[in-house]
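Reviewing the structure listed below.
What follows is calculated from the coordinates using simple rules that are stated; it is not laboratory data. All values derive from a computational prediction rather than experimental measurement. Glycine gets a Cβ as well: all are built from the backbone with ideal geometry, and neighbour counts include every protein chain shown.
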Amino acid sequence: MADLLRLLLKVAEKAANVARVCRQEAPLFQLLVQEKTGDDKNKKFVQDFKTLADVVIQEMIRHDVGAQFPDMAEFIHGEESNKFENGLGESVIVTVCSTEEETAALLATVLDGDHTAASLLAKAIHQDPATVEANTDGLTVSLSPSELGIWIDPIDATSQYIQGREEELEEGRLSPSGLHCALVLIGVYLRSTGEPIMGVINQPFHHKDPAGGGWKGRHFWGVSWDGINVCSVSQPKDGEDRGLSVVLSSSEKQVVKDALALLCSSDKLMYASGAGYKILCVIEGLADVYILSEGSTFKWDSCAPHALLRALGGGVVDLTKRLQMTSEGQDHTAELTYHEPDTECKGADRWANRGGLVAYRDCSKLNTVIAALKGKL
Ligand code: 2IP
Ligand code: CA
């Protein structure tokens, strides 16, 4: 497990590099901010570049993990399909090739012969990242790769990534929108039960290097399995209870906002972009809970941060299921799982967290918000 964790930290850092390069290199940035519309869209293999950047990052992770852990190769899933089709019904499968030159040649076919952009992207994909430090001492989990599966969100909060607003982050405070909300999420689940057992989160745009070296990121990880709970984020200190704090999507239903306004002071009812970022706020203790009443997140959004919350003694529950339960306490029956599609749905919706969710660190806070929402949804 320590080997897998080190590899995931490394590929997440590589993914963060690709995300940074796409914003830093002018020929790639031009493509990133330009939306393809109408005729332009489907004539050749010209795609929205943001989708290509997502696919490339996802395929790079799949390639590197599959190479070291072949037993996992068939169980590495992500948000994007790697098949690109044009208006003539021709298709290109985007993969990471064995050499940088081959990858560049393949990408050039999807980028309508833009060799400059294709070469820059291929270079970032094939570059080894700086070593990622992680103290994995004592991480001896007896699971074999053939028991595990992976969910990848190559870039969560894509709209914030594209808009690219730079925020000065204040220590200990949630910052609602901006580049820092964009995250690379890699979660590992157990194939038999669907429990999330390991997660890696990389935040590619955390602060600007004061020496002018561009954006610097941060990473977080956690493992939770069979009594082993290790997380790179420390447990909160037992201090005074400063009242409930909640983070929501700005598009949350009014009835939820109203119910929570009765529980929280106005400065503790917060809004932020990015499903992954909102769960990260709970992990870091910047909010007690993240509530979402809609089925608008997917397994790739929640798997990685869910594993970190479990390692901290919390979790992520299905809101609809939890509202129907009569018992309180840490009952795992409503926890989200990651191994089974919803057979009543089609396409990506098969992997939606359809009943909404609540992410929490402390079960008593979960119980408080559930009691407040009972009968309201
Ligand atoms: C999105 C992204 C959005 C979020 C949505 C996710 O993923 O995180 O920001 O909506 O739920 O699926 P909101 O910000 O309202 O919570 P992606 O950017 O990868 O499509
Ligand atoms: Ca996402």
What list do you get for Val233, Val282, Val255, Val94 if you sort them by fewest beta carbons within 10 Å? Val255, Val233, Val94, Val282
Per 10 angstrom bin, beginning at 0 and ending with the bin that holds the maximum distance, the Cα pairs of segment 185-286 fall in percents of 12, 31, 33, 22, 2
Volume per residue of the C-alpha convex hull in segment 75-148, rounded to whole Å³: 149 Å³
Please work out how much length the chain gains when fully extended from Thr337 to Tyr271, using 0.36 nm per residue of separation minus the C-alpha to C-alpha distance, in nm with one decimal. 21.2 nm
Tell me, what is the FRET efficiency for Asp71 and Thr116 to the nearest 0.05, using R0 = 25 angstrom and their Cβ-Cβ distance as r? 0.05
Find how many whole Å separate the alpha carbon centroid of segment 116-178 from the alpha carbon centroid of segment 318-377. 26 Å
Sort Asp318, Asp288, Asp349 so the one with the fewest other Cβ atoms within 10 Å of its own Cβ comes first. Asp349, Asp318, Asp288
Can you give the angle from 0 to 90° between the axis of helix 115-126 and the longest principal axis of the chain, with both taken from C-alpha atoms, to the nearest 10? 50 degrees
Sort Cys97, Cys264, Cys345, Cys281 so that the residue with the fewest other Cβ atoms within 10 Å of its own Cβ comes first and the one with the most comes last. Cys345, Cys97, Cys264, Cys281
Projected onto the charge dipole of segment 235-366 (unit charges on the beta-carbon of Lys, Arg, Asp and Glu, signs +1, +1, -1, -1), the Cα from Gly274, Gly313, Leu323 with the largest positive-side position is that of Gly274
Hey, what angle do you get for helix 100-110 against the long axis of the chain, alpha-carbon based, 0 to 90 degrees rounded to 10? 80 degrees
